[in-house]
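Heads up, the thing below is written out as structure tokens.
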Amino acid sequence: MGASTPRHHSTPPPLLTKRILAFAFYVLVPLALLHYLLSLPPPPPPPTSTLTAPKPQQQPAAARKRAPPPPRCDYSDGELVRSEAAPLLYNGTSCGGTIKAGQNCEAHGRPDTGYLRWQWRPRGAGCTVPPFDPAEFLRLVRGRHVAFVGDSLARNQCESLVCLLSSAFPSQLVRGAGGGDGDGDGDELRKFRRWAFPSHGATVSVFWSPFLVNGTEKAKGGTGLNHNRLFLDQPDQRWAPEVPGIDVVVLSAGHWFLHPAVYYDRGAVVGCHQCPDPNNRTETGFFGVFRLAVRNALGEIVLRAARTEPSNRRPKLAVVTTFSPAHFEGDWDSPRACARTEPYAPGEREPEYMDREMSGAEAEEVAAARADAAARGAGVDVEALEVTRLAGLRADGHPGPYMHPFPFAGGERDRVPNDCVHWCLPGPVDTWNEILLQVVKRWAAGVDADDDASSPP
């Protein structure tokens, strides 16, 4: 037999090989992987506490109420405590456009700064005066109008508040003039000013009304009317008609009542102080007139609020800043008229007779107006901002000779004008607004609680 020829196995063509590999890669392998995954046990569900927050539940109205208001405190009873801890929120440069030049003690060269480092500590249990918080104040008066009504001390306090608030939030002067050397009392554009705080939709205003009621001021410079005229039965139309649009009104007056004046009621003369015609009129003094002016101003606020349609009525807070004593020691133009650099020590100065009479009348009229507002259902809370004792201790906080720039730049002088009535800014008057914040906080807490209680759950 001859040798057989070996048989050869056939080889698939290259194109078929590629198709087989592609089928395995794109079809068989994924099917095998899917089969494996399906054979695994299901994983445990993730804990909801770490991946899913529980949905908030609607709380009843009572549970949505804000924290309880701070206690009603007697801020007239306390002591001054020196403190270096609290930083100053503004100075004569950062807020120089708001401060009246005569109260910008830093810009006018006052060399000492110790008067900036005192805090008021009330003695009542649970009563404190924390450093001023601009964010908290503006939160409380969001969308509201705060107005100061009265004399140059009302303006002094208003400018302090604007500077404190502007240290943290931008403000816009939307009515009146800016800072500078205007004398405030005689500059009409500085008598009526308004600032807006766009971040909170809040406004702060000042209205010049040295008698709180209608009056004509004596002429300056020795020509014209030499006495004031007060019309005790007439509201001051420069501010009273705006009461419906004001939410917090702060009244402050007193020193203008010390000047010569004639008093009118229903067109007739009812008295005078330092009477311009002593042969025809008998001295009646000013304490009773001051009381009546405060009474009528508060009554005007309550009455206008009560007359407002209930659908348009907004809760109001009326505050009376009590009388702030002057501290002239000796002649008004002595270089030492009010040159103290520290407050009076405990027991060194007690409130004087005039201080007690003025602040006492204010406290009594506040209590009476509070009762009247409640009886009328006017929606007005009435409070006293008692600063008389506190202010009486702060003889160190006045501009004194620094009401004018650098009064001793040319050396010591025998005579120099002094301001021992108003307050340096920054200075003791900032404490008044720290107390005002506590009063507003308590009022706003009550208003918000009432709103929560009346709203549906």
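The values are calculated or read from the model by the stated rules, or taken from the named source; none is laboratory data. This one's a predicted model, so the numbers in the text were calculated from it and none came from an experiment. Here the Cβ positions follow ideal geometry from the backbone for every residue, glycine too, while neighbour counts run over all protein chains shown.
If we scan region 142-153, do we find a residue that is more than 28 Å from ARG295 (Cβ to Cβ), among the basic types (Lys, Arg) and touching a residue at least 12 places away in the same chain (Cβ under 8 Å)? Yes, because at least one residue in region 142-153 is more than 28 Å from ARG295 (Cβ to Cβ), among the basic types (Lys, Arg) and touching a residue at least 12 places away in the same chain (Cβ under 8 Å). Filter region 301-359 down to residues that are touching a Ser or Thr at 6+ places or on another chain (Cβ under 7 Å) and among the charged types (D, E, K, R), then give me how many there are. Final tally of qualifying residues: 1. Only residues that are closer than 23 Å to GLY288 by Cα and of a type in the set (Gly, Ala, Ser) were counted in region 220-246, giving 1.
I need the full set of residues from region 316-355 which are among the hydrophobic types (A, V, I, L, M, F, W, C), in contact with an Asp or Glu (Cβ under 9 Å, 6 or more places away or on another chain) and over 30 Å from ARG144 (Cα atoms), in order please. Of everything in region 316-355, those that are among the hydrophobic types (A, V, I, L, M, F, W, C), in contact with an Asp or Glu (Cβ under 9 Å, 6 or more places away or on another chain) and over 30 Å from ARG144 (Cα atoms) turn out to be ALA337, CYS338, ALA339.
Residues that are of a type in the set (S, T, N, Q) and closer than 30 Å to ALA445 by Cβ: does region 336-358 have at least one? No.
Scanning region 290-309 for residues that are surrounded by fewer than 22 Cβ atoms within 10 Å (Cβ to Cβ), of a type in the set (A, V, I, L, M, F, W, C) and farther than 12 Å from ALA240 by Cβ yields LEU292, ALA306. If we keep just the residues of region 185-203 that are buried (at least 18 other Cβ atoms within 10 Å of the Cβ) and closer than 14 Å to GLY97 by Cβ, which is modelled with the highest pLDDT? Per the stated criteria, the residue is TRP195.
Of the residues making up region 122-129, at least one is surrounded by fewer than 19 Cβ atoms within 10 Å (Cβ to Cβ), at pLDDT below 95 and more than 19 Å from VAL440 (Cα to Cα). Among the residues of this structure, GLU300 does not count as one that is of a type in the set (Asp, Glu) and either part of a loop (DSSP other than H, G, I, E, B) or over 30 Å from the mean Cα position of the chain (by Cα) (or both).
Do you know which residues across region 204-214 are buried (at least 22 other Cβ atoms within 10 Å of the Cβ) and outside any loop (DSSP other than H, G, I, E, B)? VAL204, SER205, VAL206, PHE207, TRP208, VAL213 - these are the residues of region 204-214 that are buried (at least 22 other Cβ atoms within 10 Å of the Cβ) and outside any loop (DSSP other than H, G, I, E, B). Residues in region 248-287 that are of a type in the set (A, V, I, L, M, F, W, C) and within 19 Å of GLY224 (Cβ to Cβ): TRP256, ALA261, VAL262, CYS272, CYS275. Within the set ARG295, ARG314, the sole residue that is in contact (Cβ under 8 Å) with a residue 60 or more places away in the chain, outside any loop (DSSP other than H, G, I, E, B) and out of contact with any Leu (no Cβ under 7 Å at 6 or more places or on another chain) turns out to be ARG295. Could you check region 274-289 and list, in sequence order, the residues that are among the hydroxyl-bearing types (Ser, Thr, Tyr) and exposed (fewer than 14 other Cβ atoms within 10 Å of the Cβ)? Once the filter is applied, which keeps residues that are among the hydroxyl-bearing types (Ser, Thr, Tyr) and exposed (fewer than 14 other Cβ atoms within 10 Å of the Cβ), region 274-289 yields only THR282. Of the residues making up region 226-283, those that are of a type in the set (Val, Ile, Thr) and in a strand (DSSP E or B) are VAL248, VAL249, VAL250, VAL262, VAL269, VAL270. Scanning region 260-292 for residues that are in contact with a Gly (Cβ under 6 Å, 6 or more places away or on another chain) and touching a residue at least 24 places away in the same chain (Cβ under 8 Å) gives a single hit, TYR263. State whether one or more residues within region 181-188 are among the charged types (D, E, K, R) and either in contact with a Leu (Cβ under 7 Å, 6 or more places away or on another chain) or assigned to a helix (DSSP H, G or I) (or both). Checked against the condition, which is being among the charged types (D, E, K, R) and either in contact with a Leu (Cβ under 7 Å, 6 or more places away or on another chain) or assigned to a helix (DSSP H, G or I) (or both), region 181-188 yields at least one hit.
Yes/no matrix, rows are residues, columns are (1) at pLDDT 95 or above; (2) farther than 23 Å from ILE435 by Cβ:
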position	(1), (2)
ASN312	no, yes
PRO315	yes, no
THR322	yes, no
PRO325	yes, no
GLU329	no, yes
PRO343	yes, no
GLU348	no, no
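Looking across ASP277, ASP247, one residue alone is under 29 Å from CYS158 (Cα atoms) and either of a type outside the set (A, V, I, L, M) or within 33 Å of the chain's Cα centre (by Cα) (or both). It is ASP247.
When ALA369, ALA345, ALA409 are screened for being free of Cβ contacts under 8 Å to residues at least 12 places away in the same chain and either loosely packed, with under 15 Cβ neighbours inside 10 Å or in contact with a Gly (Cβ under 8 Å, 6 or more places away or on another chain) (or both), only ALA345 passes.
The residues on offer are SER160, SER166, and the sole one that is surrounded by fewer than 23 Cβ atoms within 10 Å (Cβ to Cβ), at pLDDT 95 or above and under 16 Å from the mean Cα position of the chain (by Cα) is SER166.
Checking the condition modelled with pLDDT of 95 or more, β-branched (Val, Ile, Thr), touching a Ser or Thr at 6+ places or on another chain (Cβ under 6 Å) and closer than 26 Å to LEU138 by Cβ, which residue from VAL380, VAL429 passes? The conditions single out VAL429.
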